[in-house]
Each structure stands twice: as C-alpha cells, then as structure tokens.
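Take a look at the structure below.
Derivation of every value follows stated rules applied to the coordinates shown; laboratory data play no part. Fair warning: this is a prediction, and the values are worked out from it, not measured in the lab.
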C-alpha cells in the first residue's frame, strides 16, 4: 500500500488536530469523574474504529485486519498501564 502524499498529510493533520483538542479540552485542573472519562473514551474509541473502517473500506480486509489487530494490542497495553499504575 502506497497512499498518496495528500492522504499522508491529511492523516498527519488529523492527528495534530486531535492532539490539540485533547490538550485544550483538559486545560483546567479538576477531578475527572466517571461520566467524563467514559465520554472521552467513547470519543477516542469511535475515532479509532472509524479510521479502521475507512482503512477496511478503501484498502480491503487484509489492511483493515492488520489495523484492528494493532489497535487492539495497543488498547490492551494501554489498559494494562492503567490497571498497574
């Protein structure tokens, strides 16, 4: 798979945008409740799954499965860090 340059730049811009949203949304120091945690988690998971769906639709099941396998491994490692930390 060799995506065009414009697509690579679009994905990079999207990553920078989501990072900026995450940083701006959490500027004020406050106690984070379960509802806020669940909402933000749902947003980020929906974005990740949506991106995987686009990969699957555009480049086929092989690349889609590779993306979701990597996504699930990273998600499991992130949850492991929360449980241990």
- Note on the structure: Taking 0.36 nm per residue of separation between residue 36 and residue 2 and subtracting their Cα-Cα distance, the length gained on full extension comes to 8.4 nm
- Send over the per residue convex hull volume for the chain, Cα only, as a whole number of Å³. 108 Å³
- Stretch residue 25-residue 74 to full length: gain in nm at 0.36 nm per residue minus the Cα-Cα span? 15.3 nm
